[in-house]
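Down below is the structure, laid out as structure tokens.
Every read-out reported here was derived from the displayed coordinates using simple, explicitly stated rules and does not represent laboratory data. Fair warning: this is a prediction, and the values are worked out from it, not measured in the lab. Note: ideal-geometry Cβ built from the backbone for every residue, glycine included; neighbour counts use all protein chains shown.
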Amino acid sequence: MTEPNPATQPPASPIDVTVTDGVAWLRLNRPDAMNALDRALKVALLDALRSAADDPAVRCVVLTGNGRAFCVGQDLKEHVADLASGETSLATTVTEHYNQIVMLLATMNKPVVAALNGVAAGAGLSFALACDVRVIVEGAGLNTAFAGIALSCDSGASWSLPRLVGPALAKDLLMFPRTIPVDEALALGLVSTVVAAGELEGVVSELAASLAAGPTLAYGSIRRAVAFSAGTDLQNALAHEAELMALTGRSADHQVAVDAFLAKEKPTFSGR
């Protein structure tokens with residue numbers, strides 16, 4: 001039998017997408033580059049997130065990486081090549097790719113889980129912080145990384161970090177980048193759960209299945225309420241909560257929950 005010629009094989013997709021039982025798994029797929037974000041991966045991730053956000057069959061999204069890293073941020077080799085050619089694309093990629101990716105991760109109307117299979121650095125860390133839940137493997141680490149290459153922060157790090165650890169510590173982590181071990185990350189609230197490497201898939205699958213079986217509209221509304229309240233006063237936050245309460249109060253899932261409560265049964269949600 002003739003062996004396939006690698007040179008004739010189509011290039012691997014920069015992101016693997018599978019949807020099973022309401023859960024969309026998005027796997028960054030540049031393992032040899034530690035899932036560094038080149039243009040192809042950024043475009044593919046943005047497209048995959050848009051599709052997952054718009055697909056009513058998807059009720060939970062999991063973002064993870066193939067290989068030994070979750071994501072180490074911007075592909076610096078590509079960036080160096082751009083600089084050598086006279087192209088200054090950092091601002092463009094922030095607005096065209098990173099900002100849109102983070103907005104989808106943080107505000108799509110369904111829960112999002114980050115399964116951190118390895119190091120998360122730079123924009124990769126920012127992506128993880130935009131998710132609702134972060135599960136990380138033992139031996140991994142987090143690093144803001146930006147100041148180490150004389151850059152400011154992007155992908156929402158200036159918004160998410162202070163809300164998780166406070167402004168003073170956020171500035172410390174951003175101005176003096178270092179690898180934060182998982183135990184410290186857990187104590188600081190940067191991650192939700194630490195698991196053994198071999199347990200990551202199972203733990204996240206169980207968590208995602210639980211979220212996918214839940215009241216999706218309520219989950220999405222909670223995400224929107226929390227994000228909205230971060231940039232407004234109490235009066236506006238209360239008014240927004242009232243709007244979302246009216247929305248979810250009219251939902252099929254709320255009616256199912258009320259009926260199940262009265263019948264002393266466990267509700268089965270449809271996500272509507």
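Of all the options Ala121, Ala252, Ala48, the one that moves most in a Gaussian network model of the chain with Cα springs shorter than 10 angstrom is Ala252.
If you average 1/r over every pair of different alpha-carbon atoms in the chain and take one over that average, what Kirkwood value in Å do you get?
So the Kirkwood estimate lands at 19.9 Å.
Taking the chain as a Gaussian network of alpha-carbon nodes connected by springs under 10 Å, the highest mean-square fluctuation of the residues Thr107, Thr248, Thr20 belongs to Thr20. Please report the antiparallel percentage of the DSSP beta bridges confined to the chain, to the nearest 5. Looking only at bridges with both residues in the chain, the antiparallel portion is about 25 percent.
Mean separation of Cα pairs under 8 Å and 6+ residues apart, divided by the residue count of the chain: what relative contact order is that in percent?
Numbers: 476 pairs, mean separation 43.6, N = 272.
In percent, rounded to a whole number, it is 16.
Pairwise Cα distances in region 216-263 exceed 14 Å in 53 percent of cases. The order of Asp253, Asp233, going from fewest to most other C-beta atoms within 10 Å of their C-beta, is Asp233, Asp253. Highest mobility in the GNM of the chain, judged by mean-square fluctuation with C-alpha springs under 10 Å and restricted to Leu28, Leu151, Leu217, is found for Leu151.
Which order, highest average first, do 235-241, 55-61 follow once you tally other Cβ atoms within 10 Å for each residue and take the mean per peptide? Could you put the intermediate results ahead of the total?
Values: 235-241: 13.0, 55-61: 19.6.
Top of the packing list down: 55-61, 235-241.
Expressed in units of 2.2 N^0.38 Å, where N is the residue count, the Cα radius of gyration of region 4-75 is 1.17. For the pair region 204-248 and region 121-184, the centres of their Cα atoms are 24 angstrom apart. For region 155-260, trypsin sites (Lys or Arg not before Pro) are listed when DSSP marks them as loop and at most 11 other Cβ atoms sit within 10 Å of their Cβ; the list is Arg250.
How large is the helix-only mean residue ellipticity at 222 nm for the chain, computed as the sum of -39500 (n - 2.57) over DSSP H runs with n ≥ 4, divided by its residue count, in deg cm²/dmol to the nearest 500? Let's see the in-between values first.
Details: 12 runs with 125 residues, N = 272.
My calculation for the chain gives -13500 deg cm²/dmol from helical runs alone.
When only alpha carbons of region 112-234 are considered, Rg and Dmax amount to 15.0, 44 Å.
Translational diffusion of region 94-164 was estimated from the Stokes-Einstein equation, with Rh taken as the Kirkwood radius over Cα pairs; at 37 °C and 0.692 mPa s the coefficient is 263 µm²/s.
With K and R counted +1 and D and E -1, the other residues having a Cβ less than 14 Å from that of Ala242 yield a net charge of 0.
The residue list Leu247, Ile136, Ala53 was ranked by how far each Cα lies along the charge dipole of the chain toward its positive end, using unit charges on Cβ atoms, and Leu247 comes out on top. Computed over all pairs of different Cα atoms, the Kirkwood value for the hydrodynamic radius of region 166-272 is 17.3 Å. Principal-axis analysis of the Cα atoms of the chain puts helix 39-54 at an angle of about 10° to the longest axis. Of Leu200, Gly156, Leu63, which is farthest on the positive side of the dipole of the chain, counting Cα position, with +1 on Lys and Arg Cβ, -1 on Asp and Glu Cβ, and the Cα centre as origin? Towards the positive end, the residue furthest out is Gly156.
Is there a quick way to get the dipole size of region 146-270? I mean about its Cα centre, with the Cβ of Lys and Arg at +1 and of Asp and Glu at -1; what is the value in debye to the nearest 20? List each step's numbers first, then the result.
Working: 8 positive and 13 negative charges, 45 e Å.
Once rounded to the nearest 20, the dipole reads 220 debye.
For the chain, with only Lys/Arg (+1) and Asp/Glu (-1) charged at the beta-carbon, what is the dipole magnitude about the Cα centre, in debye rounded to 20? Kindly include the intermediate steps, with their values, before the conclusion.
Working: 19 positive and 28 negative charges, 81 e Å.
Approximately 380 debye in magnitude.
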